[in-house]
Structure formats: structure tokens, C-alpha cells
Amino acid sequence: MAQAYDYMNDIGPAGAGLGSGYLRLRAAALSFAGRWGFAKFAGIAAGAPDVAYTLAMLLRDGRVPRRAKIKLGLAAAYFALPIDGALGVVDDVYVGLVALAESLGDIDSAVLAEYWPGEVGELFRFKAALDGLNERFGAGAVRRFAKSLQARAQAK
């Protein structure tokens, strides 16, 4: 397992105590959301700092290819938009995770492990889930539909 990067250390002496304050605030927000039945959404939203940090650091890293930086940059821009819909930061986290998952083939796992504060395997499992959904409901469904139309046309 990769060592989780403590991005709160980058704040420096000016932010002393912010790390523990952030963790207390995060725990209180998760507890509050759980009492109102929104624990699942709150849990996703709590990952926002991790996703934002990872996107920003990968965009700065010279070892990340331009192709991946375009995907990551679009996700970072979406993340930074001041307009949030009904889901708030949850959709931002989702878009960031999709961009990270779609960039896995372009970014060396060691580079990703430097910045992702969890296990890199989490991102690979997320990508596998996305690929499965895409095969079932996205491009795979369109491909199967086109083949069935083609088979019907040949049968006539």
C-alpha cells in the first residue's frame, strides 16, 4: 500500500493546526450528514480534497504526458467551477475520479502513488467498474445494438 501523502503539511507554519482542525471538521460533517441520511453522499464529498490535490499535483508533474494532462485539466476546471448543482461537490469528485481512472493507462503507477493519498488499486477498481458500466450501458450496448441491426439486415 502506498503511503498516504499528508497534503496538509504543504501548508507550512502559517497553517499550523489546520490539519487537525480539518480532520475534526470533516468528522463532524460526516456525522451530521449521517444523522440526516446522507452518509453515502457525504462520504464521497469528503474525498474532494484528496481528488483536488491529486489532480493539481499531476498537472504540475512533468512526468505526466500531455494527453493525460488534458483529461485531468478538464476535470480540474470542472472542479473549480463556482456553480454547483443539487449534488454539490459529489459530482466534482465523480468527474475527478473518472478523469483519474481514464488517465491510468497514460500515467506511471509510481507517479500516481506519489500523489494519491490512498491505494492506487482503488483507482484501478473504480476504472474496472466504469469499464463494466460502459460495456453494459454505454459503447458496448451501442455496439451490440448495431450488430443486431446488421444481423437483421443480412437475414432479409
Query raised in the report: How many of the residues in the range 112-138 are surrounded by 13 or more Cβ atoms within 10 Å (Cβ to Cβ), aliphatic (A, V, I, L, M) and over 24 Å from Met57 (Cα atoms)?
Result: 0
**Report entry** Val95 vs. criteria among the aliphatic types (A, V, I, L, M), under 30 Å from Ala146 (Cβ atoms) and buried (at least 16 other Cβ atoms within 10 Å of the Cβ)
**Finding:** yes
Query raised in the report: Of the residues in the range 86-133, how many are under 12 Å from the mean Cα position of the chain (by Cα), assigned to a helix (DSSP H, G or I) and over 27 Å from Ala39 (Cβ atoms)?
Result: 1
Requested in this report: Check whether at least one residue in the range 24-38 is under 30 Å from Gly105 (Cβ atoms) and at pLDDT 75 or above, and report yes or no.
Outcome: no
Report summary line: Of those in the range 51-68 that are over 17 Å from Val93 (Cα atoms) and either of a type outside the set (Asp, Glu) or in contact (Cβ under 8 Å) with a residue 60 or more places away in the chain (or both), the residue surrounded by the most Cβ atoms within 10 Å (Cβ to Cβ) is Ala68
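The values are calculated or read from the model by the stated rules, or taken from the named source; none is laboratory data. What you see is a predicted model; the values in this text were computed from it and never measured. Methodologically, a virtual Cβ is constructed for each residue, glycine included, from the backbone with ideal geometry; neighbour enumeration extends over all protein chains shown.
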